[in-house]
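Asks: The following block contains the structure, expressed as structure tokens.
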Amino acid sequence: MVDLIALGVFSLIIILMAAYGYRISAKTAEDYMLGGRTIGLVVMFFFVLFAISSSWTFYGFPGHLYLHGPGYVFFIWGSVAGFAALYMFLGPRLWALAKINRFLSPVEALAERYESKALRVILAVTMLAFIVPYVGVQPLGVGRGFEALTGLPLWVGATYTAVLLVILVILGGMRIVAWVNIFLGTVYVTALLGSLFWVIAVVFPDGGVVQAAQQILANQPENLSTPGPLGTYSSVLVIGTFVVGLLAFTWPHVVIGAMTARDKTLFKWFPLLIFIFGGLFFYIIPYVWGSVVAPAVMPGVTDVAEADRIVQTIIQTVLPRWFGVFVLMGVIAAAVSTAAVQLMTSSIIVARDVIQGVFKPDANDAEITLWARLSVIAIVVLSLSVTVVVSLGLGDEAMALYLTDVSVPGFAQWGPALVGGLLWKRGTRQGAIAATLTGTIWLVLGLLITNDAGQRILLLDLHPVILTLFLNTVVYIVVSLLTEKPSEEIEDVFFTEVDDYLRSER
Amino acid sequence: MREMLEHTPGRIYLLVLLISIVLMAVLVFMGITDAPADGEPLLVFGWMEMPLVVGVVFVIVWLIAYLIYFIKYWPYR
């Protein structure tokens, strides 16, 4: 009963913040979708960090480290570099471009850059296809947490999260999603770090984390280096994992964050927070959990789903029950903070790029906002199918690999068009369309077609992003060079004006 | 990034970032994150595995390069 009251209070805080956000919002599409472009440095940092730090950092990441050793951490090093690169290299230009031209979505910006409605549809569909299932992974994570703590079925926690998400996103819009991430992020870091310290103090009172590492060294030394206990992380895979992480700059729900910035100085200081708070602090916590503490406290787990739950299992075994409820709140916080931003991004793409971009070009502000809110409900319902699939035993439970094997390669397919559109004057519409289609179609076929040994033959049995992104990039460059260069007007609007604005804006 | 390529500090900054990635890859291929063939995995401070150490050093290199470039040479003042 106390568990439910605590979770009720937690939910109430989020709902009240969403209601407050609705009250103070300007009721315009720009305000709902981009927080009126008024997000400052600190809010932006929590917004982005916890948009990317989903329940994956509690389940999938430590679970994979537990099973395969520390090699997977190179995904984090790549991601830190990728997020910093987005805000150092692409962010200022995208922000200025969107602000000058009142663009509400990055897909819209690229469609205008390449003067192509077809590209707008292709990019919108591609992004939605890969982001919606990822939204669905978040309620699934919470469902697992509920299941482990209370014994309630998976769908209870998933539905609870879905309802919370709908209320938060529909009422609050982007501004409140960003603000709520401060609250959610604080809860999550406290739960994750607090539980780590507490477990170490209880189980390894003499030497702390050193004692844990020495225990692994004595019993399972292969857990402390690459290629790991199962021999998975060869040098090639380690660097491949780093490259996959590096592609974090293409995650649409992170890219859109750059468009909400209040001013350009945000891009000057933002990477500092990413390096120090993200790279040298936050991600180290789940790393220590999965790579050192969990294998020392509870060795011998081989099942993927059990490994995904290893941190929660240890907390429930070692610490008092009330703290388990607090940790579950942390997991909900992580899941909601990520899924809310993904939902906002998806709903913006649906409303601005699909509905207004294709079907109702003359839709006004109120209509677009309404469509965005309606699409939130539709996307949440659709994303719950992930929980249904897993509940029925039809889907894979490995969260870590869903992120790195499906979502990231999918998001990466707009990378060449995005980077080229912002930085390369010679990039053309034909190049962007041909490249995005080639990469995406190859990726989908590659994931689906396997030989008798289960190898993805179209992907040469490499990581899905490697061949597809290579093809995508080559096609983009070659087709762009073979086709007529963009008009001078496009060059003026998307390069000269942006340069002037960035150099002159105070 | 276009503006960084237009002046020398920007080009040096980008070069440092690129070299750090290449160096990290070289170290990984040389086996720095593996256990020695006839020994135990190396643990810094008794608990930090080499994949963690390599990554922390990598982030610190990016952090220092960023601080120098963005504080002294950032083109949008």
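The values are calculated or read from the model by the stated rules, or taken from the named source; none is laboratory data. Keep in mind the model is a prediction, meaning the values are calculated, not measured. Note that we place each Cβ from the backbone using ideal geometry, even for glycine, and neighbour counts take in every protein chain shown. In case anyone asks, the SASA skips ligands and DNA or RNA and just uses the protein heavy atoms, side chains included. Shrake-Rupley method; radii C 1.70, N 1.55, O 1.52, S 1.80 Å.
Asks: Which loop GluC sites (Glu not before Pro) in region A:96-126, with loop taken from DSSP, have no more than 15 other Cβ atoms within 10 angstrom of their Cβ?
Replies: A:115
Asks: Per-residue Cβ counts within 10 Å, from other chains only, averaged over A:464-471: what number is that?
Replies: 0
Asks: Assuming R0 = 30 Å, what is the FRET efficiency of residue A:129 and residue A:461, from their Cβ-Cβ distance, to the nearest 0.05?
Replies: 0.80
Asks: Under a 1.4 angstrom probe, counting protein chains only, how are B:3, A:367 ranked by accessible area, largest first?
Replies: Sorted descending by solvent-accessible area, the residues read A:367, B:3.
Asks: Taking loop as defined by DSSP and a crowding limit of 13 other beta carbons within 10 Å, which trypsin sites (Lys or Arg not before Pro) in region A:68-114 fit?
Replies: In loop regions of region A:68-114 (DSSP not H, G, I, E or B), the sparsely surrounded trypsin sites (Lys or Arg not before Pro) are A:102.
Asks: Provide Rg over Rh for region A:310-351; use the alpha carbon set for both Rg and the Kirkwood Rh (inverse mean inverse pair distance).
Replies: Ratio value, two decimals: 1.27.
Asks: Another question, if that's okay. Once the convex hull of the C-alpha atoms of region A:84-214 is built, how many Å³ does it hold per residue, rounded to a whole number?
Replies: 187
Asks: Over all residues in A:203-213, what is the mean tally of Cβ atoms on other chains that come within 10 Å of each residue's Cβ?
Replies: Mean partner-chain Cβ count within 10 Å for A:203-213: 2.
Asks: Order the peptides A:10-17, A:255-262 from the highest to the lowest mean number of other Cβ atoms within 10 Å of their residues.
Replies: Order by mean packing, descending: A:255-262, A:10-17.
Asks: Listed highest first by mean packing, meaning other Cβ atoms within 10 Å per residue, what order do A:44-55, A:119-130, A:299-310 come in?
Replies: Packing order, densest peptide first, comes out as A:44-55, A:119-130, A:299-310.
Asks: Give me the mean projected area, in nm² to one decimal, of the convex hull enclosing the Cα positions of region A:118-166.
Replies: Result: 3.5 nm².
Asks: Same structure again: Determine one quarter of the surface area of the Cα convex hull of region A:426-506, which equals its mean projected area, and express it in nm² to one decimal.
Replies: Taking the Cα atoms of region A:426-506, their convex hull projects to 7.2 nm² on average.
Asks: Hey, could you get me the Stokes-Einstein D for region A:1-154, Kirkwood radius over alpha-carbon pairs, 37 °C and 0.692 mPa s, rounded to whole µm² s⁻¹?
Replies: 172
Asks: Rounded to the nearest 10 Å², what accessible area does residue A:190 have for a 1.4 Å probe in the complete protein model?
Replies: Rounded to the nearest 10, the figure is 70 Å².
Asks: Within a 10 angstrom radius of each residue's Cβ in B:37-50, how many Cβ atoms of other chains show up on average? Whole number is fine.
Replies: Mean partner-chain Cβ count within 10 Å for B:37-50: 6.
Asks: Taking the Cα centre as origin and putting +1 on Lys and Arg beta-carbons and -1 on Asp and Glu beta-carbons, what dipole magnitude results for the protein assembly as shown, to the nearest 20 debye?
Replies: 1380
Asks: Check each of the chymotrypsin sites (Phe, Trp or Tyr not before Pro) in region B:39-77 and keep only those in coil by DSSP with at most 13 other C-beta atoms within 10 angstrom; list them in order.
Replies: Filter output for region B:39-77: B:45.
Asks: Given the convex hull of the Cα atoms of chain B, what is a quarter of its surface area in nm²?
Replies: Projected area, direction-averaged: 6.2 nm².
Asks: Then there's this: On a C-alpha basis, how far is the centre of region A:288-361 from the centre of region A:145-170 in Å? Whole number, if you could?
Replies: Value for the Cα centre distance between the two parts: 12 Å.
Asks: I would also like to ask the following. Before rounding to the nearest 500, sum -39500 (n - 2.57) across all DSSP H runs of length at least 4 in chain A and divide by the residue total; then give [θ] at 222 nm in deg cm²/dmol.
Replies: -21500 deg cm²/dmol
Asks: While we're on this one: Mind checking the angle between helix A:91-101 and chain A's longest principal axis? C-alpha axes, 0 to 90 degrees, to the nearest 10.
Replies: 40
Asks: What do you get when you divide the Cα radius of gyration of the protein assembly as shown by 2.2 N^0.38 Å, with N the number of residues?
Replies: My calculation over the Cα atoms of the protein assembly as shown gives 0.93.
Asks: Any idea how far the Cα center of region A:42-114 sits from the one of region A:453-506, in Å?
Replies: For region A:42-114 versus region A:453-506, the Cα centre distance is 18 Å.
Asks: What would the Debye formula give as log10 I(q)/I(0) at q = 0.25, 0.32 Å⁻¹ for the alpha-carbon point model of region A:189-236, no solvent?
Replies: -0.85, -1.01
Asks: Ok, one more. Ignoring ligands, DNA and RNA, how do A:485, A:425 rank by accessible area with a 1.4 Å probe, largest first?
Replies: Result, largest first: A:485, A:425.
Asks: With θ taken as phi - 60° and the coefficients 6.51, -1.76 and 1.60, list the Karplus ³J(HN,Hα) couplings across region A:409-415 in order, rounded to whole Hz; mark glycine and proline as x.
Replies: Residue by residue, region A:409-415 yields x, x, 4, 5, 6, 9, x Hz.
Asks: Could I ask something else about it? Any chance you could list the semi-axes, whole Å, largest first, of the equivalent ellipsoid that the Cα gyration tensor gives for region A:201-335, using √(5λ)?
Replies: 32, 21, 15
Asks: Using only Cα atoms, tell me the angle between helix A:173-203 and the longest principal axis of chain A; keep it within 0 to 90° and round to the nearest 10.
Replies: The helix A:173-203 is inclined about 20 degrees to chain A.
Asks: What percent of all Cα-Cα pairs in region A:1-89 falls into each 5 Å bin, going from 0 up to the bin containing the maximum distance?
Replies: All Cα pairs, binned at 5 Å, distribute as 3, 10, 12, 16, 16, 13, 14, 10, 5, 1, 0 percent.
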